[in-house]
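The values are calculated or read from the model by the stated rules, or taken from the named source; none is laboratory data. These figures come from a predicted structure and were not determined experimentally. Here the Cβ is made from the backbone with ideal geometry for all residues, glycine too, and neighbour counts use every protein chain on show.
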Amino acid sequence: MILRISLQKEFMAQTRSKSKKSATKSASKKAATKKTAQRRAETRNTKRNSKAATKKSTTTPKRSTTNKAASNGMSNESMLQELFKNELKDIYWAEKYLVKSLPKMQKAAESEELKNAIADHIVVTEEQVARLEEVFEMMEWKVQAKKCEGMEGLIEEGKRVMEETDKGPTRDAGIIISAQKVEHYEIASYGGLAQLARTMGRTDVADLLSTTLEEEKETDMLLTQIAEASINEEAADEDEDESSREGTDMEDDEEA
Ligand SMILES: [Fe+2]
């Protein structure tokens with residue numbers, strides 16, 4: 001009897017030890033599976049990252065080939081030079097067109113002060129044309145003009161003002177506005193060109209263009225002074241006279 005109990009105890013102890021071993025085995029198996037899964041995930045991520053890196057390295061040069069400069073074999077500097085050249089041709093055309101157009105404005109004006117200011121500016125504009133030719137030479141480029149739509153439009157506007165008004169202060173006020181629009185176009189052009197020349201390291205060219213820029217600014221200020229000193233007031237008086245004349249005409253019509 002004692003022997004049976006002892007055998008039973010031993011059997012139960014063996015069973016407990018077996019189940020404990022099996023639990024340990026299964027836990028370590030689970031841990032191993034987890035480690036493998038982690039390793040697999042890491043491998044997947046590494047592969048994904050390396051693919052992305054390869055894609056990036058192949059797309060980067062692609063982006064640079066879409067760059068116009070690269071596809072044309074042009075450096076940024078030469079593209080800037082190209083822009084500068086085009087702007088130079090534009091303002092050269094504009095100045096030459098002004099030399100032809102300013103005398104018509106001068107003829108249409110009534111104020112002696114305004115007529116003289118335009119006459120002086122014709123001489124200045126001829127000098128500016130010569131200065132631009134010098135810039136072409138300094139850059140070792142052929143002197144060339146390219147039609148300037150902006151200046152053509154501004155001169156057209158000026159013509160319309162002259163057609164729609166009679167000779168007198170109101171037309172003079174209109175001529176001043178048109179001339180100032182032209183000056184502002186030129187100020188923007190010369191300002192931009194001088195800045196580009198400086199960026200390209202051509203301070204000699206920039207200095208020459210800045211001389212013209214200052215002349216354009218002076219002309220703009222002179223036109224403002226002429227307008228403020230007399231013409232705008234005279235135009236207002238002319239407007240009043242016109243209104244009272246129209247009023248008298250209406251009264252005459254009513255009496256008749
Ligand atoms: Fe000019």
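Tell me yes or no: at least one residue of the range 166-177 is more than 16 Å from the ligand (Cβ to nearest atom), hydrophobic (A, V, I, L, M, F, W, C) and surrounded by fewer than 18 Cβ atoms within 10 Å (Cβ to Cβ).
yes
Looking only at residues in the range 110-120 that are closer than 16 Å to Gly158 by Cα and in contact (Cβ under 8 Å) with a residue 40 or more places away in the chain, which one is nearest to the ligand (Cβ to nearest atom)?
Ile118
What are the residues in the range 134-148 that are assigned to a helix (DSSP H, G or I) and touching a residue at least 24 places away in the same chain (Cβ under 8 Å), if any?
Result: Glu134, Val135, Phe136, Met138.
Quick check on my filter: what residues within the range 153-189 are in contact (Cβ under 8 Å) with a residue 40 or more places away in the chain and among the polar types (S, T, N, Q)?
The answer is Thr170, Ser178, Gln180, Ser189.
State all residues of the range 128-150 that are over 19 Å from Ile118 (Cα atoms) and either within 15 Å of the ligand (Cβ to nearest atom) or in contact with a His (Cβ under 6 Å, 6 or more places away or on another chain) (or both); if no residue qualifies, say none.
Correct list: Arg131, Leu132, Glu133, Glu134, Val135, Ala145, Cys148, Gly150.
What pairs come up if the first residue lies in the range 85-107 and is within 18 Å of Val161 (Cα to Cα), the second is of a type in the set (S, T, N, Q) and part of a helix (DSSP H, G or I), and their beta carbons are under 6 Å apart, counting only those six or more places apart or on different chains?
Every condition considered, the pairs that remain are Leu98/Thr125.
What is the one condition in (1) surrounded by fewer than 14 Cβ atoms within 10 Å (Cβ to Cβ); (2) small (Gly, Ala, Ser); (3) within 13 Å of the ligand (Cβ to nearest atom) that Gly153 does not satisfy?
(3)
Does Lys107 satisfy being modelled with pLDDT of 95 or more, more than 23 Å from the chain's Cα centre (by Cα) and away from the ligand (no atom under 13 Å from the Cβ)?
Numbers: modelled with pLDDT of 95 or more: yes; more than 23 Å from the chain's Cα centre (by Cα): yes; away from the ligand (no atom under 13 Å from the Cβ): yes.
Yes, satisfied.
Among the residues of the range 156-165, what is the count of those that are in a helix (DSSP H, G or I) and buried (at least 16 other Cβ atoms within 10 Å of the Cβ)?
Total meeting the criteria: 3.
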